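One structure is given here, and the rest of the page talks about it.
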Amino acid sequence: MTQTIRLGDRVRIRLDAKFGSKEGWYEGTVFRIEPYSEHRSFYWVELDKAAQEALRINQISVLNPKNIQRIGSTADKNDI
């Protein structure tokens, strides 16, 4: 993860093969960030309606930075 993720950012989260048929990328919005260590945090994501229906959950936390990506050009311009 090379981008800084902040509260309110639109993100894509990845569920890997251990999630079976649910494997793939899902979109949502970061609503809470909980520090885990000096260099990592849990990112709590409110999933979009389509993802909620597919996964049957409303929110998910992501720790592995490889499994979360910020989307949208507005947020990217804030880091320049």
Matching label, Rg/Rh (Cα atoms, Kirkwood Rh) computed from the structure shown, candidates (i) 1.28; (ii) 0.96; (iii) 0.98: (ii)
Of VAL11, VAL45, VAL62, the one that fluctuates the most in a GNM where the chain has Cα springs shorter than 10 Å: VAL62
Residue among LYS18, LYS49, LYS66 with the largest mean-square fluctuation in a Gaussian network model of the chain, springs linking Cα atoms under 10 Å: LYS18
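In Å², and per residue, what accessible area does the chain have when probed at 1.4 Å with the other protein chains present? Let's see the in-between values first.
On the way: 5480 Å² over 80 residues.
Ligands and nucleic acids excluded, the result is 68 Å² per residue.
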Theoretical gain in end-to-end length, ARG12 to ARG56 [0.36 nm per residue, Cα-Cα removed]: 14.2 nm
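The values are calculated or read from the model by the stated rules, or taken from the named source; none is laboratory data. Bear in mind that the values here come from a model prediction, so they are computed numbers and not experimental data. These area figures cover heavy atoms from the full protein model, side chains too; ligands, DNA and RNA do not enter into them. Shrake-Rupley method; radii C 1.70, N 1.55, O 1.52, S 1.80 Å.
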